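Okay, structure first, notes after.
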Amino acid sequence: MSRDANRIKFTNNTESIAAALKRRNIPEIEHHSKIDMRPVALEARARLNKNGKKHIFKVGDRLYKIAFDEYGDSKYWYLLAWWNKKPTDFHCKIGDVIYVPKPLQDLLFLYKYGNV
C-alpha cells in the first residue's frame with residue numbers, strides 16, 4: 001500500500017506562479033495533504049506497543065532511518081509518524097520516546113482499515 005493512498009492530492013497551477021512554472025517547463029505542482037492522524041483504539045495501541053520497541057530520539061535520527069532499522073524498509077516512516085502523532089521529523093525532539101509498534105503486518109492493517 002502506498003503511503004499516499006489515503007491522502008488528498010492538491011494541484012498548484014495558480015496564476016500567481018504560472019510564469020515560474022512555464023519558465024521551468026512544469027505544467028503544475030502536486031502536493032499531498034498531511035498524514036491522516038486519526039486515533040487508534042487503546043486496546044490496539046497497547047497490544048502493538050507491547051510487542052514493539054521504544055526508541056529514544058537522538059541527534060541524527062530520522063523516522064525513515066528508524067523504520068529501516070526496525071522494519072527493514074525506510075518507506076514505513078509514515079507509520080511511525082502516524083503512531084507517534086509526529087507528522088514529520090521536525091516534530092520530534094531530542095529525548096522523545098518513539099514507539100515502534102510490531103508486528104508490522106498488524107500495523108499496516110490498522111492504518112489501512114482503522115479500528116475494526
Discussion item. Cβ contacts < 6 Å: first residue within 12 Å of residue 71 (Cβ to Cβ) and in the same structural domain as residue 46 (by TED's automatic domain parsing), restricted to the range 89-116; second residue surrounded by 15 or more Cβ atoms within 10 Å (Cβ to Cβ) and among the aromatic types (Phe, Trp, Tyr), any location; separation 6+ or different chain. Result?
Written reply: 101/83; 104/71
Discussion item. Restricting to the range 44-75, give me the number of residues that are closer than 15 Å to residue 99 by Cβ and either exposed (fewer than 12 other Cβ atoms within 10 Å of the Cβ) or without any contact (Cβ under 8 Å) to a residue 60 or more places away in the chain (or both).
Written reply: 19
Discussion item. I'm trying to understand the selection: among the residues of the range 80-116, which are touching a strand residue (DSSP E or B) at 6+ places or on another chain (Cβ under 7 Å), not in a loop (DSSP other than H, G, I, E, B) and not hydroxyl-bearing (Ser, Thr, Tyr)?
Written reply: 80, 83, 97, 98, 100
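The values are calculated or read from the model by the stated rules, or taken from the named source; none is laboratory data. Everything numeric here is computed off the predicted structure, so don't read it as measured data. All Cβ positions, glycine included, derive from the backbone under ideal geometry; neighbour counts span all protein chains shown.
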